[in-house]
Amino acid sequence: MSQSHTVAVLVGSLRKDSASRKIAQAIADLAPAQLAFRFVEIGDLPHYDPDLETDAPPEAWTRFRGEVAGADAVLFVTPEYNRSVPGFLKNAVDVGSRPWGKAVWTDKPALIVSTSAGGLGGFGANHHLRQMLSFFNMPVLGQPEVYIANSLSLFDESGALVSEATTDFLRTVGESFAGFVARNVPAKADRQAA
Ligand code: FNR
């Protein structure tokens, strides 16, 4: 059996009925068993302020940094807000980037999924986030690209996916990501030796 890997899941929407969160859950449910997904909450992170970067930084920052640092890979599922990512997701990227030299993101393989209630699929948000992650040397899955349009029409009232085509696509996305993670995460034995 292939080695298993943990994936931190960050969702760029705070609302209870978020389509992005449902899409994140669907990817987790459909992906191969060697990926273990753990949702990491980001809505409670205080705005990044270097003055708070003391021996006792905000508890939520410490919790968040620990959860991301402990994962092998990261899945971002985010709606587009005004042609970019929602502000609190950018804040999470910033919180995880400090203290200087200790970014929790460095080298972790990532999958970016953008969503939109409209027809464009959040292209702007997807590529702004891609630009941020390149700074941390994070390899981001290139294919398939995942832009989920018309996100509010994809689920029934019970939260189940209604489209077979979307279900098949998200299953393929999970399979591609599992292979990508396996190729981009150093073997655990190598990491222990490093
Ligand atoms: C949006 N929405 C939106 N949609 C889009 O395709 N491009 C955009 O730039 C924006 N901008 C935007 C800004 C703000 C402040 C809000 C609240 C919404 C609409 C967005 O796609 C819709 O609200 C989704 O339902 C959000 O995703 P969740 O919350 O369902 O995951």
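The values are calculated or read from the model by the stated rules, or taken from the named source; none is laboratory data. Keep in mind that what you see is a predicted model, and the values were worked out from it rather than measured. Cβ atoms come from the backbone with ideal geometry, glycine included; neighbour counts cover every protein chain shown.
So which pairs qualify, if the first residue must be in the stretch 80-94 and more than 15 Å from G119 (Cα to Cα), the second must be within 7 Å of the ligand (Cβ to nearest atom) and assigned to a helix (DSSP H, G or I), the Cβ gap must be under 8 Å, and the two must be at least 6 apart or on different chains?
S84/G124
Take the stretch 141-169 and flag every residue that is aliphatic (A, V, I, L, M) and surrounded by fewer than 17 Cβ atoms within 10 Å (Cβ to Cβ). Reasoning before the result, please.
Restricting attention to the stretch 141-169, the residues satisfying the condition of being aliphatic (A, V, I, L, M) are 141, 146, 148-149, 152, 154, 160-162, 165.
Answer for the stretch 141-169, where residues must be aliphatic (A, V, I, L, M) and surrounded by fewer than 17 Cβ atoms within 10 Å (Cβ to Cβ): A149, L152, A160, V162, A165.
So how many residues does the stretch 84-114 have that are more than 23 Å from T6 (Cα to Cα) and either in contact with a helix residue (DSSP H, G or I) (Cβ under 6 Å, 6 or more places away or on another chain) or buried (at least 19 other Cβ atoms within 10 Å of the Cβ) (or both)?
3
Go through the stretch 1-84 and tell me which strands (runs of 3 or more DSSP E), entirely inside it, have 2 or more residues that are within 16 Å of the ligand (Cβ to nearest atom).
Because the criterion is at least 2 residues that are within 16 Å of the ligand (Cβ to nearest atom), the strands (runs of 3 or more DSSP E) in the stretch 1-84 that meet it are 5-11, 73-79.
Would you check if there is a residue in the stretch 108-128 being of a type in the set (D, E, K, R) and on the phi > 0 side of the Ramachandran plot?
The answer is no; no qualifying residue exists.
Between a residue in the stretch 167-185 that is within 14 Å of P109 (Cβ to Cβ) and any residue that is at pLDDT below 95, which pairs come within a Cβ distance under 8 Å, given they are 6 or more apart or on different chains?
Hits for this filter: A178/S2; A182/S2; A182/Q3.
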